[in-house]
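FYI, it's all coordinate maths here, none of it is from the lab. These figures come from a predicted structure and were not determined experimentally. Note that we place each Cβ from the backbone using ideal geometry, even for glycine, and neighbour counts take in every protein chain shown.
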Amino acid sequence: MTKLPAMVLTVLVFAHTARAAEVSVGGVVGGQLLESTSRGESHGPLVDEVTLGRTVLAGVLLDVGMDRRHHITAELVFGPYHDDVDRYCISTGYPHDECRRPPQTVLTATSHALVYGVQYTFAFRRQGHSPFVGVGMGAKRYTYDDSPDLYQYEDRTCLTLHAALGFEVATKAPVRLEARGVLVRNNPYLTAGTIYTGESDQIELQVRASVRFRVSR
């Protein structure tokens, strides 16, 4: 979480130095829509399969707007990510004793994940309803289920890069609806199996709705 204070500080410095900056706080709700599977760390008689699934998202934001078109936003979003899990089964190689597909025994499971970062957005209109585009970067921090029956990873943080396309509804408290593609670099579930799959990056497709409340101008 050490990167988060630096991101918030960047936004506050931008607000302090920019002329006519509008500072807002708000909330975010949404979800991650994609589901994918990959091989895990083990091989041979131990069939190991990683699932990266769907989840809901909720969080808070701090936004600085310039000229009603340029925005820098710091976000902190929580997601349970309970469908991100590593399962396994053991196969003896005999048809009558093959493990079920997909594997059923849980090796590692997610307790929750935090996704935080900074995004720059550009609105195509200065006033009224407007489409917008955005780019940003941040981090995703996994925390794992601490059940004694599961293998325990240490909490891990990975870099995220993202791009967004959306529409802002101009009201007293502006509402933004957006679709966001997120590249998660070196996802810890995939990194463990890199030697077998050669893949360690994950792509998330998130849909988000946010509302902002102005606190200064």
Formal net charge of residues neighbouring A173 (Cβ-Cβ distance under 10 Å; K, R +1; D, E -1): +3
Dipole magnitude of the range 47-93 about its Cα centre (Cβ charges: Lys, Arg +1; Asp, Glu -1), debye to nearest 20: 240 debye
